[in-house]
Structure formats: structure tokens, C-alpha cells
Amino acid sequence: MLDLTGKNALVTGIANNKSIAWGIAQQLHAAGANLGITYLPDEKGRMEGKVNDLVAPLNPSLFLPCNVQDEAQVEQVFSTIAEKWGKLDILIHCLAFAKRDDLTGDFSATSKDGFQLALDVSAYSLVTLARGAKPLMTDGGSIVTLTYLGGARVVPNYNVMGIAKAALEMNVRYLAAELGPHSIRVNGISAGPIRTLASSAVGGILDMIHHVEEVAPLRRTVTQTEVGNTAAFLCSDLSSGMTGQILYVDSGYCIMGM
Ligand code: 0WE
């Protein structure tokens, strides 16, 4: 059975109870993992309070600020893990950001700073976190990131995020090749569209969801829990032979041509 008891898992990307990272954290907890949670700090500490209240039932043994654009904060996260846990087994990367203006209109209008911001937060951050995790994954480990079909095919308006996800998916493969000899596996989950804080800010997300409900083989969208269960599988020994893969958890949508 799927058993993560005795495993230390760091989960990034929880913003609220709709976050995919929240679905993952709950399933890792249900499988017995010991959790560390990071949140994106803001000036007023509102995010810290909200996320802290949300995750309290999962009894995280670490709760830390982590803005991936600030390498000093990332170093602080891993030095705390080294001190408090001694080793890390699981790293969940569920982070993305692009400017709203860059998620609509002409892709060719994407500015250099908008492009760099999206790739920095959404793709380079996996490299930063993997570098920090590597020396702590002394018993081997599993790194899981979240991607989307728009990184492999053209999805209207996904624009610069598509390029960021393409880079992220290639990061998965290069990291898997480097870390495999250390028994660290790196995989991605390509989730179908889900209503979250990020996706709800995007115009037309409801139309996309209705489209999936009409054409995907399962005739419905996927849930945060389903993505969480796949993440738990990728973190467990049940997937011990898999690395460098992108798993589609999308009701089968991506197999369709029409
Ligand atoms: O990866 C994502 C969300 C990415 C995202 C969303 C936002 C909205 C608010 C990144 N940055 C921002 N920045 C903001 O200011 N998804 C897979 C969800 C998503 O986003 C889309 C989608 C889908 C699906 C954007 C356009 C078209 C489809």
C-alpha cells in the first residue's frame, strides 16, 4: 500500500483551500508523511495567517516563508530542514506566476521583463529548490512539480506561461538525469484545468472547464484530491521505477484530437 510514514515532505504553493498544493499536502498527510509547508510572505502577514490556519489540522512540523525569487529565503528553508529534520525525502513544487497582462492578447507582445518574471518564478524556481534539496535527500527522494498542457501545445491565452511550463518540463528531465544516480526521482504532473485562485483570475476559465466536461473521455474535470493522490503515488515506492516523466491527470483530455 501507499505508505509515506517516516518521510519528510516539503510542500510549496499553498495559497488557499482551492490550491492544488493543498490537495497534495492532504494526501501526503493521509499517507503518513511529516509535512513542512512554505508560504509566500507579504508585508501584512495575511498569507502567513491564512495558510497557517488552513494547514494546522495537518500538524506540519515546519512552517516557513519562501519567496523563490529570494535565494536567501530558499537557503534559510533548507538550513532549517537540515537542522530540524536532518534529511528530506519529498519536495513538492507548485509555483507559478506571470503578469496578468501576459496571459491574454498577442503572445508576441510579451515584454522581456514579463518573460523573465514568468520563467524565473515558474521554471527556474524548480532548479533553485532542487539544488537545495539534493544534499538533504541522503536516502534518495522524490521531487514532483505541477505543469499544464499549455507547456506542450498551444492553449489560447496561456501565452508566456506555456513557455515557462515547457522550460519546467525540460527542467524535470535534466534534473532527473542528474539526480537519478543519487536515487532522487523527478517527475511532473500535468493537471487539467481546475478552479483555483490563480486560474479564477484568468478570463474564460469557466469556458475551458465546460469544454473539458464535454470532450474529455471522463466527461468531467479533475479534482485537487485526484492530483494529490497521483503526487502521493509519485512520492511513494509504488513509482520507484519512474523518473523524468510527465503524468497527465486530466480526465484523458490530452489524447483527443477533436
Ligand atoms: O498555470 C496556471 C495558472 C498560471 C497563472 C495564473 C495567473 C493568474 C493571475 C500564473 N500567473 C498568474 N498571474 C496572475 O496575475 N494554470 C494552468 C491555470 C490556467 O491559467 C491560464 C489558463 C489555465 C488553465 C491562463 C490562460 C489560459 C488558460
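For the chain, what is one quarter of the convex hull surface built on the Cα atoms, given in nm²? Before the final figure, lay out the partial values.
On the way: hull surface 54.0 nm².
If I average the Cα hull's projected area over directions, I get 13.5 nm².
Taking 0.36 nm per residue of separation and subtracting the Cα-Cα distance, what length does fully extending Ala177 through His211 add?
Values: separation 34, 0.36 × 34 = 12.24 nm, distance 3.64 nm.
Here the segment from Ala177 to His211 would lengthen by 8.6 nm.
Can you bin region 94-227 into rounded, prolate or oblate? Criterion: square roots of the alpha carbon gyration tensor eigenvalues sorted a ≥ b ≥ c, rounded for a/c under 1.5, prolate for a/b above b/c, oblate for the rest.
Working: a/c = 2.45, a/b = 1.41, b/c = 1.73.
Note, shape of region 94-227 comes out oblate.
Calculate, for Asp237 and Trp85, the FRET efficiency according to 1/(1 + (r/R0)^6) with r their C-beta to C-beta distance and R0 22 Å; round to the nearest 0.05. Please list the in-between numbers first.
Numbers: r = 20 Å, r/R0 = 0.89.
Between Asp237 and Trp85 the formula returns 0.65.
Which loop-located trypsin sites (Lys or Arg not before Pro) does region 155-258 contain, where loop means any DSSP state but H, G, I, E or B and the Cβ has at most 16 other Cβ atoms within 10 Å?
Working: sites: Lys165, Arg173, Arg185, Arg195, Arg219, Arg220; in loops: Arg195, Arg219, Arg220.
Taking region 155-258 and a limit of 16 other Cβ atoms within 10 Å, the loop trypsin sites (Lys or Arg not before Pro) found are Arg195, Arg219, Arg220.
Arranged by the count of other C-beta atoms within 10 angstrom, fewest first, what order do Met258, Met161, Met137 take? Intermediate results must be reported in sequence, preceding the final value.
On the way: Met258 3, Met161 26, Met137 22.
Placing the least packed residue first, the sequence is Met258, Met137, Met161.
Stick to the Cα atoms of region 57-168, pair each with every other, and give me the Kirkwood hydrodynamic radius in Å at one decimal.
15.3
Per residue of region 218-230, what does 6.51 cos²θ - 1.76 cosθ + 1.60 with θ = phi - 60° give for ³J(HN,Hα)? Whole Hz please, x for Gly and Pro, Karplus curve as stated.
Taking θ as phi minus 60°, the curve returns 7, 6, 6, 8, 9, 10, 4, 5, 5, 5, x, 5, 5 Hz for region 218-230.
Across region 198-204, in residue order, what do the Karplus-derived ³J(HN,Hα) couplings come to in whole Hz, using 6.51 cos²θ - 1.76 cosθ + 1.60 with θ = phi - 60° and x for Gly and Pro?
5, 6, 5, 7, 9, x, x
First measure r as the distance between the Cβ atoms of Met170 and Asp70, then evaluate 1/(1 + (r/R0)^6) with R0 = 22 Å and state the FRET efficiency to the nearest 0.05. Let's see the in-between values first.
Details: r = 24 Å, r/R0 = 1.10.
The formula returns an efficiency of 0.35 here.
Can you tell me what percent of all Cα-Cα pairs in region 34-96 are more than 19 Å apart? Mind showing how you got there, number by number?
On the way: 602 of 1953 pairs.
The answer is 31 percent, as a whole percent.
For region 1-41, just say rounded, prolate or oblate: build the C-alpha gyration tensor, square-root its eigenvalues into a ≥ b ≥ c, call rounded for a/c under 1.5, and beyond that prolate if a/b exceeds b/c, oblate if not. Mind showing how you got there, number by number?
On the way: a/c = 3.77, a/b = 1.71, b/c = 2.20.
Oblate.
Filter the trypsin sites (Lys or Arg not before Pro) in region 1-77 to those in DSSP coil with at most 10 other Cβ atoms within 10 Å of their Cβ, and list the result. Spell out each step's value before the answer.
Values: sites: Lys7, Lys18, Lys44, Arg46, Lys50; in loops: Lys7, Lys18, Lys44.
Loop-located and lightly packed - Lys44.
Out of residues 5 or more away from Tyr248 or on other chains, whose amide H comes under 5 Å of its own, with H placed 1.01 Å from N in the peptide plane?
So Tyr248 has HN proximity to Ser190.
Would you list Ile184, Ile24, Ile246, Ile255 from fewest to most Cβ contacts within 10 Å? Mind dumping the intermediate values first?
Details: Ile184 24, Ile24 31, Ile246 18, Ile255 9.
With the sparsest Cβ surroundings first, the list reads Ile255, Ile246, Ile184, Ile24.
Given a cut-off of 29 Å, name the pairs among Lys7/Lys44; Lys50/Lys84; Lys7/Lys112; Lys18/Lys112; Lys99/Lys134; Lys87/Lys112 whose C-alpha atoms lie farther apart than that in the structure shown. Walk me through the numbers before you get to the answer.
Details: Lys7/Lys44 33 Å; Lys50/Lys84 24 Å; Lys7/Lys112 41 Å; Lys18/Lys112 31 Å; Lys99/Lys134 31 Å; Lys87/Lys112 39 Å.
Pairs exceeding 29 Å: Lys7/Lys44; Lys7/Lys112; Lys18/Lys112; Lys99/Lys134; Lys87/Lys112.
Distances over 22 Å make up what percent of all Cα-Cα pairs in region 1-117?
Values: 2721 of 6786 pairs.
So the pairs more than 22 Å apart make up 40 percent of the total in region 1-117.
Which far-off residues, 5 or more places away or on another chain, put their amide H under 5 Å from the one on Arg185, with H placed in the peptide plane?
Gly141, Ser142, Ile143
Using Cα-Cα distances under 8 Å and only pairs 6 or more residues apart, what relative contact order does region 182-228 have, in percent? Before the final figure, lay out the partial values.
Working: 26 pairs, mean separation 18.4, N = 47.
39 percent.
Using θ = phi - 60° and the Karplus curve 6.51 cos²θ - 1.76 cosθ + 1.60, what whole-Hz ³J(HN,Hα) does each residue of region 133-143 get, with Gly and Pro shown as x?
6, 3, x, 9, 8, 6, 9, x, x, 9, 10
Given a cut-off of under 8 Å on Cα pairs at least six residues apart, what relative contact order in percent is computed for the chain? Walk me through the numbers on the way to the answer.
Details: 502 pairs, mean separation 53.8, N = 258.
21 percent.
Exposure proxy check: Phe63, Phe78 ranked by fewest other beta carbons within 10 Å?
Phe63, Phe78
When the Kirkwood hydrodynamic radius is evaluated over all pairs of different C-alpha atoms of region 153-216, what value in angstrom, to one decimal, is obtained? Intermediate values should be presented prior to the final figure.
Numbers: mean 1/r = 0.0720 Å⁻¹.
Roughly 13.9 Å, rounded to one decimal.
Read the figures in this text as sums done on the coordinates, not as results from a lab. Every value quoted in this text rests on a predicted model; they were computed, and no experiment measured them. Reconstructed Cβ throughout: ideal geometry from the backbone, glycine too, with neighbour counts over all protein chains shown.
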